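Right, one structure below, let's go through it.
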Amino acid sequence: MERISVKQVNHHFGFTEILRDINFDLKQGEVVSIVGPSGGGKTTLLHLVAGLLDLEEGKIENSFKSSAFAFQEARLLPWKNVIDNIMLGLLARGDDRELAQQEAEKIALKFGLEERDFTKFPKDLSGGMKQRVSFARALVLKPALLFLDEPFSALDIGLKKELQTILIEMVDQKEISILFITHDLMEAIRLSDRVLLLAADPGRIVKSFDYDLSQADRDDSYVYAKSASLLSDPEIINTFELELK
């Protein structure tokens with residue numbers, strides 16, 4: 001079974017300790033989120049696991065055969081149109097250009113883009129459309145593992161729910177595993193099998209919350225109830241410095 005294993009990971013930027021003794025696993029088919037306050041080391045941890053930063057101390061084992069990354073910013077190439085941006089990864093791994101274009105157009109339509117959008121350049125796209133392209137570019141590769149760096153934070157409620165629904169369908173069909181970071185506890189509960197709480201100064205995992213109900217069966221009532229429970233948890237209150245009266 002494919003999996004990620006993170007053991008005793010520490011990280012520093014200069015003399016500043018960013019992460020301390022990070023340990024967790026992610027198994028094939030799981031969705032794991034990392035929540036915590038800004039500046040707590042969530043992005044650093046995600047980049048370490050994804051191999052975007054060099055590991056200093058500890059061990060990270062990743063046996064997933066393929067992975068993709070979607071960032072908070074779309075990070076599209078401004079000189080390439082929508083389809084060319086989506087095709088980037090396919091062409092980079094050596095796929096036939098004609099077949100790559102067919103796959104890119106197919107997934108673009110799935111993500112709510114229209115044929116008239118295919119030849120547009122990033123400067124002509126709204127923020128929401130750019131994020132659709134970013135997700136399509138990541139998922140057209142059909143990765144076994146998807147890394148998400150707060151990709152929904154700047155989106156309106158409708159688009160956020162639309163993109164989350166696509167991911168939930170893929171998870172329900174056992175097509176993908178996901179590791180993502182977010183500030184949004186409701187988002188974490190809606191998508192995650194397990195939520196890891198990362199406290200700051202330095203970043204360290206102080207608690208884990210597990211959710212057994214399948215993502216496809218989690219309605220708003222479930223998410224609201226679990227969110228209220230989370231917000232009353234002492235570790236959540238302390239970590240996010242909440243003041244509940």
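The values are calculated or read from the model by the stated rules, or taken from the named source; none is laboratory data. If you're wondering where the values come from, they're calculated on a predicted model, not measured in any experiment. Every residue, glycine as well, gets a Cβ built from its backbone with ideal geometry; the counts of neighbours run over all protein chains shown.
Miscellaneous remarks
- Among the residues listed as Glu235, Glu150, the single one being within 22 Å of Thr44 (Cβ to Cβ), surrounded by 13 or more Cβ atoms within 10 Å (Cβ to Cβ) and modelled with pLDDT under 90: Glu150
- Top-ranked residue of the stretch 179-227 - restricted to ones that are acidic (Asp, Glu) and part of a loop (DSSP other than H, G, I, E, B), ranked as farthest from the chain's Cα centre (by Cα): Asp201
- The stretch 46-66, subset more than 23 Å from Ala154 (Cβ to Cβ) and small (Gly, Ala, Ser), residue farthest from the chain's Cα centre (by Cα): Gly58
- Subset of the stretch 1-44 (residues that are among the aliphatic types (A, V, I, L, M) and either crowded, with 17+ Cβ neighbours inside 10 Å or in contact with a Gly (Cβ under 6 Å, 6 or more places away or on another chain) (or both)): Ile4, Val6, Val9, Ile18, Leu19, Ile22, Leu26, Val31, Val32, Ile34, Val35
- Filtered by the rule that a residue be among the polar types (S, T, N, Q), under 26 Å from Ile18 (Cα atoms) and surrounded by 16 or more Cβ atoms within 10 Å (Cβ to Cβ), the stretch 55-84 gives Asn62, Ser67, Gln72.
- Assessment of the stretch 202-216 against the conditions (under 19 Å from Lys42 (Cβ atoms), aliphatic (A, V, I, L, M) and touching a residue at least 12 places away in the same chain (Cβ under 8 Å)) yields at least one matching residue.
- Any helices (runs of 4 or more DSSP H) falling wholly within the stretch 53-161 and containing at least 2 residues that are touching a Pro at 6+ places or on another chain (Cβ under 9 Å): 82-92, 127-139
- Residue in the stretch 208-222 that is touching a Leu at 6+ places or on another chain (Cβ under 7 Å), more than 30 Å from Pro143 (Cα to Cα) and surrounded by fewer than 20 Cβ atoms within 10 Å (Cβ to Cβ) present: no
- Of all residues making up the stretch 85-114, the number that are touching a residue at least 12 places away in the same chain (Cβ under 8 Å), surrounded by 12 or more Cβ atoms within 10 Å (Cβ to Cβ) and out of contact with any strand residue (DSSP E or B) (no Cβ under 8 Å at 6 or more places or on another chain): 16
- Within the stretch 177-191, none of the residues are surrounded by fewer than 20 Cβ atoms within 10 Å (Cβ to Cβ) and of a type in the set (Lys, Arg).
- The number of residues in the stretch 1-40 being in contact (Cβ under 8 Å) with a residue 60 or more places away in the chain, over 27 Å from Leu242 (Cβ atoms) and among the acidic types (Asp, Glu) comes to 2.
- Test: Gly203 is surrounded by fewer than 22 Cβ atoms within 10 Å (Cβ to Cβ) and either closer than 29 Å to Asn10 by Cβ or modelled with pLDDT under 95 (or both): no
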